[in-house]
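Asker: Sharing a structure here in structure tokens format.
The values are calculated or read from the model by the stated rules, or taken from the named source; none is laboratory data. Please read these numbers as outputs of a predicted model, since none were measured by experiment. Cβ atoms come from the backbone with ideal geometry, glycine included; neighbour counts cover every protein chain shown. For the accessible areas, the whole protein counts, side chains as well, though only heavy atoms, and no ligand, DNA or RNA atoms are used. Shrake-Rupley method; radii C 1.70, N 1.55, O 1.52, S 1.80 Å.
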Amino acid sequence: MSLFKKIQDDMYTAMKAGEKETTNTLRTTLSKLKDKQIDKRDELSEEEIIKIIQTLVKQRKESIELFTKGGRDELAETEKNEINLLTNYLPQMIPDEEIKNIVENVINEISATSLSDMGKIMPEVMKRGRGLIDGKTAQKLVQELLG
């Protein structure tokens, strides 16, 4: 079953069960996916759907930061629940230890010596991770290894 169809089916199940938060989150996600599909004028691939969901998760993480700073803990909690729901549709991310190995290999291969080489390192690391590497984590590891 395609990821799009799975999200749609889960939304209908949540609607029937009266789970408003789950329904709203999945409805918003489907809306984003359909918008991108209309823009593309073609069906979305699984990779494109995953990228869109990753973007939605990233936006929610940024919102949590802002809500927490603003003292709006109830809104931050809602965003955390949405992240937990959306991550169920994402493939398992590469663990930090494996990311560190990839970063070290890339640094050695391109003979990087300073943080000014970040622009050469990051694209290669992300390419090797095939969308399963968190960019902030990879960037932090590069800074630690070269800083």
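Asker: Only one of (1) surrounded by fewer than 17 Cβ atoms within 10 Å (Cβ to Cβ); (2) modelled with pLDDT of 85 or more fails for Glu79. Which number is that?
Answerer: (1)
Asker: How many residues, within region 101-123, are open to solvent by 70 Å² or more (accessible area, probe 1.4 Å) and in contact (Cβ under 8 Å) with a residue 24 or more places away in the chain?
Answerer: Here the count works out to 2.
Asker: Now for a different question. Please work out if Ile94 is in contact with a Leu (Cβ under 9 Å, 6 or more places away or on another chain), at negative phi and not in a helix (DSSP H, G or I).
Answerer: Yes: the conditions hold for Ile94.
Asker: Can you name every residue in region 37-54 that is touching a helix residue (DSSP H, G or I) at 6+ places or on another chain (Cβ under 6 Å) and charged (D, E, K, R)?
Answerer: Glu46 - this is the single residue of region 37-54 that is touching a helix residue (DSSP H, G or I) at 6+ places or on another chain (Cβ under 6 Å) and charged (D, E, K, R).
Yes or no, residue by residue, for (1) closer than 30 Å to Leu145 by Cα; (2) assigned to a helix (DSSP H, G or I); (3) acidic (Asp, Glu):
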site: Met11; (1), (2), (3): no, yes, no
site: Ala14; (1), (2), (3): no, yes, no
site: Leu30; (1), (2), (3): no, yes, no
site: Lys36; (1), (2), (3): no, yes, no
site: Glu43; (1), (2), (3): no, no, yes
site: Lys51; (1), (2), (3): yes, yes, no
site: Gln54; (1), (2), (3): yes, yes, no
site: Glu74; (1), (2), (3): no, yes, yes
site: Glu77; (1), (2), (3): no, yes, yes
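Asker: Filter region 124-147 for residues that are open to solvent by 70 Å² or more (accessible area, probe 1.4 Å) and within 18 Å of Thr55 (Cβ to Cβ); which is modelled with the highest pLDDT?
Answerer: My answer is Gln139.
Asker: Starting from region 1-21, keep only residues that are in contact (Cβ under 8 Å) with a residue 60 or more places away in the chain, then list their pairs with residues that are open to solvent by less than 90 Å² (accessible area, probe 1.4 Å) whose Cβ atoms are within a distance under 7 Å, requiring at least 6 positions of separation or different chains.
Answerer: Pairs that qualify, where the first residue is in contact (Cβ under 8 Å) with a residue 60 or more places away in the chain and the partner is open to solvent by less than 90 Å² (accessible area, probe 1.4 Å), are Leu3/Glu46; Leu3/Ile49; Leu3/Tyr89; Ile7/Leu26; Ile7/Thr29; Ile7/Leu30; Ile7/Tyr89; Glu21/Asn81.
Asker: Examine region 58-65 for a residue that is open to solvent by less than 70 Å² (accessible area, probe 1.4 Å), hydroxyl-bearing (Ser, Thr, Tyr) and assigned to a helix (DSSP H, G or I), and state whether such a residue exists.
Answerer: Scanning region 58-65 turns up at least one residue that is open to solvent by less than 70 Å² (accessible area, probe 1.4 Å), hydroxyl-bearing (Ser, Thr, Tyr) and assigned to a helix (DSSP H, G or I).
Asker: Go through Thr87, Thr13, Thr68 for me and flag whichever is in contact with a helix residue (DSSP H, G or I) (Cβ under 6 Å, 6 or more places away or on another chain) and either among the β-branched types (Val, Ile, Thr) or surrounded by 18 or more Cβ atoms within 10 Å (Cβ to Cβ) (or both).
Answerer: Thr68
Asker: Kindly indicate whether Glu82 is in contact with a Leu (Cβ under 9 Å, 6 or more places away or on another chain), touching a residue at least 60 places away in the same chain (Cβ under 8 Å) and farther than 16 Å from Leu3 by Cα.
Answerer: The answer is yes for Glu82.
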